[in-house]
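Structure, as structure tokens:
The values are calculated or read from the model by the stated rules, or taken from the named source; none is laboratory data. All figures in this text were calculated on a predicted structure; none of them were measured in a lab. Reconstructed Cβ throughout: ideal geometry from the backbone, glycine too, with neighbour counts over all protein chains shown.
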DNA sequence: CTCCCGATAT
DNA sequence: ATATCAGGAG
């Protein structure tokens, strides 16, 4: 087995429970929650969304929301004015072009404001089971670079490198496995290499870098 | 590259 | 006190 596949195998075994942490009951809720999760923990998003989804039950409700009020409703997730604008405008487009439904294609999702490949991949995979790519967030980016899976910095280029290395059946779970490892062991600041299950396969082990 | 911004770790 | 964080747009 290649070094890369051995790493993936060990990490999957180390974090067998790893999966999406965002709470949602339908594709629209997942889309909104994922937009909110930018630069914010899923845990905090989950503190805001139950109330939010009660107040705004569908895309039309978000599209017709008062912008200032919506912003206050999501305030604690940070970047709240931006996110409120993205959500309102995205939902306006959903109502206008897709009957209030969340479209099932990458291209259509990428048309929405506040939605790039990371968000689109998460929504497609977890709401519809459609796997077209690998969501690259900061955890995935940091670990992919530390593990020597890529030298790139641009998320889209990192995604391409990962799609070459990782078997397609793992594309949907791998971000959650990497996030779990990134939160617990391979942290941004002081990675706990002494407790890492892939230490012997990691080119960055013991080093003190990004 | 800069801006958006509150919450949390250090 | 302040550095950094589950992104994306201009």
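Do we find a residue being touching a helix residue (DSSP H, G or I) at 6+ places or on another chain (Cβ under 8 Å), closer than 15 Å to residue A:38 by Cβ and within 16 Å of DNA strand C (Cβ to nearest atom) anywhere in the stretch A:87-104? Yes; the residues of the stretch A:87-104 include at least one that is touching a helix residue (DSSP H, G or I) at 6+ places or on another chain (Cβ under 8 Å), closer than 15 Å to residue A:38 by Cβ and within 16 Å of DNA strand C (Cβ to nearest atom). Within the stretch A:99-106, the presence of at least one residue that is loosely packed, with under 14 Cβ neighbours inside 10 Å, within 23 Å of residue A:120 (Cβ to Cβ) and more than 12 Å from DNA strand B (Cβ to nearest atom) is confirmed. Given the residues A:198, A:131, which is the only one that is at pLDDT 95 or above, more than 11 Å from DNA strand C (Cβ to nearest atom) and surrounded by 19 or more Cβ atoms within 10 Å (Cβ to Cβ)? When all the criteria are applied, what remains is A:198.
Does residue A:125 count as assigned to a helix (DSSP H, G or I) and without any contact (Cβ under 8 Å) to a residue 40 or more places away in the chain? Quick ask: steps written out before the conclusion?
On the way: assigned to a helix (DSSP H, G or I): yes; without any contact (Cβ under 8 Å) to a residue 40 or more places away in the chain: no.
Taking the combined requirement at face value, the residue does not satisfy it.
Does residue A:124 satisfy the criteria of being assigned by TED's automatic domain parsing to the domain that holds residue A:43, away from DNA strand C (no atom under 11 Å from the Cβ), buried (at least 19 other Cβ atoms within 10 Å of the Cβ) and within 16 Å of the chain's Cα centre (by Cα)?
Details: assigned by TED's automatic domain parsing to the domain that holds residue A:43: yes; away from DNA strand C (no atom under 11 Å from the Cβ): yes; buried (at least 19 other Cβ atoms within 10 Å of the Cβ): yes; within 16 Å of the chain's Cα centre (by Cα): yes.
When the stated conditions are applied, residue A:124 passes them.
Of A:123, A:136, all but one fail to be within 16 Å of DNA strand B (Cβ to nearest atom) and within 25 Å of residue A:19 (Cβ to Cβ); the exception is A:136.
Every residue, every condition in (1) out of contact with any helix residue (DSSP H, G or I) (no Cβ under 7 Å at 6 or more places or on another chain); (2) in a helix (DSSP H, G or I); (3) touching a residue at least 24 places away in the same chain (Cβ under 8 Å), yes or no:
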residue	(1), (2), (3)
A:145	yes, yes, yes
A:153	yes, no, no
A:156	no, yes, yes
A:160	yes, yes, no
A:164	yes, yes, no
A:178	no, yes, yes
A:190	yes, no, no
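Any residue at all in the stretch A:49-67 that is modelled with pLDDT of 95 or more and within 13 Å of DNA strand C (Cβ to nearest atom)? Explain how you work it out, then say what you get.
Step one: of the stretch A:49-67, the residues modelled with pLDDT of 95 or more are A:49-67.
Adding the requirement that they be within 13 Å of DNA strand C (Cβ to nearest atom) leaves A:49.
Scanning the stretch A:49-67, I find at least one residue that is modelled with pLDDT of 95 or more and within 13 Å of DNA strand C (Cβ to nearest atom), so the answer is yes.
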